[in-house]
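Structure first, then comments.
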Number of protein chains: 4
Amino acid sequence: MLTLDELTTFFNAEFPHVTCTVESVGNMGAVIRQRVTPTELRPGGTVAGPVLMSMADIALYAAILGEIGLVPLAVTTSLNINFLRRPSPDADVIAECRLIKLGKTLAVGEVSLYSEGIDAPVAHAVGTYSIPPR
Amino acid sequence: MLTLDELTTFFNAEFPHVTCTVESVGNMGAVIRQRVTPTELRPGGTVAGPVLMSMADIALYAAILGEIGLVPLAVTTSLNINFLRRPSPDADVIAECRLIKLGKTLAVGEVSLYSEGIDAPVAHAVGTYSIPPR
Amino acid sequence: MLTLDELTTFFNAEFPHVTCTVESVGNMGAVIRQRVTPTELRPGGTVAGPVLMSMADIALYAAILGEIGLVPLAVTTSLNINFLRRPSPDADVIAECRLIKLGKTLAVGEVSLYSEGIDAPVAHAVGTYSIPPR
Amino acid sequence: MLTLDELTTFFNAEFPHVTCTVESVGNMGAVIRQRVTPTELRPGGTVAGPVLMSMADIALYAAILGEIGLVPLAVTTSLNINFLRRPSPDADVIAECRLIKLGKTLAVGEVSLYSEGIDAPVAHAVGTYSIPPR
């Protein structure tokens, strides 16, 4: 089992461009937070779609690493995302991932994304990762 | 029908953070190019997945605007992407979008993404956009 | 709010070929049961993929009708399904749908499918329905 | 390389319930035909969505078997389908599959579905298959 500190250290070293933070990891899940700054906004004052897609991908990766350890060669094989509501430009975005399958070579998880403080999700994603043989 | 110059001017004004360029637009399609710099790479020297997702989204948007004109309120409602092969770190990524439905309120398109100069695609996406009533 | 009896009567009249039954409906969700007979099996003794896809579609439809009433013109616009584990040939399949968006023109829901009595899901789907203007 | 006759014989033996026929196979693709009878229709006189999903799945399977031979243990791992237009109740449905990746353990293909004689597709699907180690 990976600790939150170990995962954060790994992300900071390997993905220095990523600006979101891991809030929790373990029990087949992970929670990710993205601060919303002008960089994350698009015209109309909403959070850009690619920011949400990127968060979904990172939340899946974090949840998988939380179970199998620091395996950098796990790679995304698919991501399906539905955009449900306009995110608030004034709130952080929270992504909650729950793995629904963790096989030897394939992991599948779903991710719900929220503007912090608002119950209805702004997006929902399902992604698959290929896990390299150990 | 929108010209390439009109679309490029619109993107530069509305999406100043976007670093890819529109190569062609029209006939229910669009082609987008992304230069690959260290910003687009992830550990292992491959193009980051979110860069490809973002390109697929922009290619769809460009193809739709090419048909309906500059309607900034068209929004992505879903994106499904399959990652097929490792992109080359040394080649631009090209995204070719083809619309397969352009209805009054919904557009659907598919996008093939390539490392320039290599035939086999690195990713394939299908996305849907909601078009506001005119 | 639609009752289970009203929905069952509607399904029996409109979809006489459908062999699954609605177990519950309401609160933005629905539960569907499919008995597994030789018709539902494929070689190797597992439940055929199209049976699961069909159940996911019906579970979404039931959940939507439970909220908006008997609107036969609601139509599926997309379905994304991940097959996770081999279903048991000896157990009914249960599909649990939960709507994550119910807008005026678009509904989105997710469906978890189980072999009855086994906790780990056999498949997971996300689907979208277009709702006609009222 | 598998011939059309070999594949048809295999399908008839292994999937006696399947009523569609393989029209062609090879070159990383396959074409499937489904006659439309009252069994395939739903209220409103259109072809049922699950019929199209099932065809997409079979077209993918046929295209894969055409490349790797009769490997019955290849299984669908995901299917994403967009429904684009109402199919005609009076025309056969044709599904054209093209594989976009054929790896050692994973195949990905896209499928366009048409009402015969009408150019605009009624649906478009992307599916993935897991291929067992040989």
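The values are calculated or read from the model by the stated rules, or taken from the named source; none is laboratory data. Just so you know, these numbers come straight off a predicted model, no measurement behind them. No Cβ is skipped: glycine too gets one built from the backbone with ideal geometry, and neighbour counts run over all protein chains shown. The area values use the complete protein model at the heavy-atom level, side chains included, leaving out ligands, DNA and RNA. Shrake-Rupley method; radii C 1.70, N 1.55, O 1.52, S 1.80 Å.
Residues in region D:86-129 that are hydroxyl-bearing (Ser, Thr, Tyr) and in contact with a Leu (Cβ under 8 Å, 6 or more places away or on another chain): D:THR128, D:TYR129. Would you confirm whether any residue within region A:53-65 is open to solvent by 20 Å² or more (accessible area, probe 1.4 Å) and among the small types (Gly, Ala, Ser)? Scanning region A:53-65 turns up at least one residue that is open to solvent by 20 Å² or more (accessible area, probe 1.4 Å) and among the small types (Gly, Ala, Ser). Looking across region C:112-130, just one residue is surrounded by 15 or more Cβ atoms within 10 Å (Cβ to Cβ) and touching a Lys or Arg at 6+ places or on another chain (Cβ under 7 Å), and that is C:VAL122.
Here is the figure for region D:51-69: residues that are out of contact with any helix residue (DSSP H, G or I) (no Cβ under 7 Å at 6 or more places or on another chain) and within 12 Å of chain C (Cβ to nearest Cβ) total 6. Scanning region C:69-111 for residues that are open to solvent by 20 Å² or more (accessible area, probe 1.4 Å), modelled with pLDDT of 95 or more and within 18 Å of C:MET1 (Cα to Cα) turns up C:ARG98, C:LYS101, C:LEU102. Do you know which residues across region C:3-19 are modelled with pLDDT of 90 or more, hydrophobic (A, V, I, L, M, F, W, C) and either open to solvent by 70 Å² or more (accessible area, probe 1.4 Å) or more than 21 Å from D:GLY45 (Cα to Cα) (or both)? Once the filter is applied, which keeps residues that are modelled with pLDDT of 90 or more, hydrophobic (A, V, I, L, M, F, W, C) and either open to solvent by 70 Å² or more (accessible area, probe 1.4 Å) or more than 21 Å from D:GLY45 (Cα to Cα) (or both), region C:3-19 yields only C:LEU4.
Can you name every residue in region D:70-128 that is within 10 Å of chain C (Cβ to nearest Cβ), more than 15 Å from B:HIS124 (Cβ to Cβ) and part of a strand (DSSP E or B)? Hits for region D:70-128 are D:VAL75, D:THR76, D:THR77, D:PHE83, D:ALA123.
Is it the case that A:VAL22 is under 14 Å from the mean Cα position of the chain (by Cα), touching a residue at least 40 places away in the same chain (Cβ under 8 Å), surrounded by 15 or more Cβ atoms within 10 Å (Cβ to Cβ) and in a strand (DSSP E or B)? Yes; evaluated as a whole, the condition is true for this residue. Does B:ALA48 satisfy the criteria of being closer than 22 Å to D:ARG85 by Cβ and within 10 Å of chain A (Cβ to nearest Cβ)? So B:ALA48 does not fit the description; no. For D:THR8, the conditions (1) of a type in the set (Ser, Thr, Tyr); (2) assigned to a helix (DSSP H, G or I); (3) within 14 Å of another protein chain (Cβ to nearest Cβ) are fulfilled apart from (3).
If you go through region B:87-122 and keep only what is out of contact with any Pro (no Cβ under 8 Å at 6 or more places or on another chain) and more than 19 Å from B:MET28 (Cα to Cα), you end up with B:PRO87, B:SER88, B:PRO89, B:ASP90, B:ALA91, B:ASP92, B:GLU116, B:GLY117, B:ILE118, B:ASP119, B:ALA120, B:PRO121. For region B:30-52, the candidate set comprises residues that are part of a strand (DSSP E or B) and open to solvent by 10 Å² or more (accessible area, probe 1.4 Å); within that set, the residue that is nearest to A:PHE10 (Cα to Cα) is B:ARG42.
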